[in-house]
Amino acid sequence: MKTYKQICNTLEDTKLLAEKFAKLIKDGCFINLYGEIGAGKTAFVKLVADALDVKEKVTSPSFVILNEYHTGSIPIYHFDLYRLENEGIKTIYDELREYSEGKQVTFVEWAEFNQNEAPFNHIKINVTYDDNDSRIYEFISVGEDEIIEGLSK
Ligand SMILES: Nc1ncnc2c1ncn2[C@@H]1O[C@H](COP(=O)(O)OP(=O)(O)OP(=O)(O)O)[C@@H](O)[C@H]1O
Ligand SMILES: [Mg+2]
C-alpha cells in the first residue's frame, strides 16, 4: 500500500493533478472515490475524462447511477452509488463486477456503499475540503503501487 497526498488550492491545480493521473491510468484502473457532498469527486473524474480525450460533456451520475463514455482513448464508466445506498447496491453488482476487470477506467463515487465489488487491485481517493477552493486529494493504492509512485514523481 502506497499513499500520495496533494493539496490543490485551485481548480487549476486539480486539473494538473488529474492530467498527471490520467497518464498513469491510461491502460485501465478501478478507482473508488470518498468524500462529502461537494468535495470534488465528480470534478476530478471530469478533469481525468477530459485528459483522456472524452468528447462529450462529463456530468454527475448522481441521478442515473452510471454514465459511460466511449469517445476517449479508453472506455470510462462513472458510477455514483449515493442514491442506491446499502440496499439498492445489489441491483448494480453485475455492472460493477463487469467493469472491475479489463481495459477500462471505472470510477465509483460514494464507494462506501459498495462493500463487495471492488477488484483486488484498485485505488482509493479521499477528497477533503473546507470553505474555499482548496481541496486535498489523498490517493491510496491497493495493489496499484506504480500508479501512486508515478504521482509522486
Ligand atoms: N480545487 C478544486 N478542486 C476540485 N473542485 C473544486 C476546486 N475548487 C472548487 N471546486 C468546485 O467544487 C465543486 C465540487 O463539486 P463535485 O460535484 O465535484 O462534488 P462531489 O464530491 O462529486 O459531490 P457529490 O457527493 O454531491 O457527488 C465543483 O463545483 C468544483 O468546481
Ligand atoms: Mg459527484
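Hey, any hits in the range 63-73 for a residue that's farther than 24 Å from Asn121 by Cα and under 16 Å from the mean Cα position of the chain (by Cα)? Scanning the range 63-73 turns up no residue that is farther than 24 Å from Asn121 by Cα and under 16 Å from the mean Cα position of the chain (by Cα).
Here's the yes/no breakdown for (1) in contact with a His (Cβ under 8 Å, 6 or more places away or on another chain); (2) small (Gly, Ala, Ser); (3) free of Cβ contacts under 8 Å to residues at least 60 places away in the same chain; (4) closer than 25 Å to Leu84 by Cα:
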position: Phe107; (1), (2), (3), (4): yes, no, no, yes
position: Glu112; (1), (2), (3), (4): no, no, no, yes
position: Ile123; (1), (2), (3), (4): no, no, no, yes
position: Asp130; (1), (2), (3), (4): no, no, yes, no
position: Gly150; (1), (2), (3), (4): no, yes, no, no
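Counting only helices (runs of 4 or more DSSP H) that sit completely within the range 85-152, those holding 1 or more residues that are more than 15 Å from the chain's Cα centre (by Cα) and closer than 15 Å to Cys29 by Cα correspond to 93-98, 145-151.
When Ala18, Ala39, Ala49 are screened for being within 15 Å of ligand 2 (Cβ to nearest atom), in contact with a Gly (Cβ under 8 Å, 6 or more places away or on another chain) and either part of a helix (DSSP H, G or I) or within 25 Å of Thr128 (Cα to Cα) (or both), only Ala49 passes. Quick check: is even one residue across the range 30-48 of a type in the set (Phe, Trp, Tyr), modelled with pLDDT of 95 or more and over 14 Å from the mean Cα position of the chain (by Cα)? No; the residues of the range 30-48 include none that is of a type in the set (Phe, Trp, Tyr), modelled with pLDDT of 95 or more and over 14 Å from the mean Cα position of the chain (by Cα). Scanning the range 125-137 for residues that are more than 16 Å from ligand 2 (Cβ to nearest atom) and buried (at least 16 other Cβ atoms within 10 Å of the Cβ) yields one hit, Ile136.
I want to confirm something. Restricting to the range 123-145 and keeping residues that are among the charged types (D, E, K, R) and touching a helix residue (DSSP H, G or I) at 6+ places or on another chain (Cβ under 8 Å), which single residue is nearest to Ala22 (Cα to Cα)? For the range 123-145, the residue satisfying everything is Lys124. Considering the range 55-75, the residues that are farther than 12 Å from Thr106 by Cβ and away from ligand 1 (no atom under 16 Å from the Cβ) include one that is surrounded by the most Cβ atoms within 10 Å (Cβ to Cβ), namely Gly72.
The values are calculated or read from the model by the stated rules, or taken from the named source; none is laboratory data. The structure presented is a predicted model; accordingly, all values stated were derived computationally and were not measured. Cβ atoms come from the backbone with ideal geometry, glycine included; neighbour counts cover every protein chain shown.
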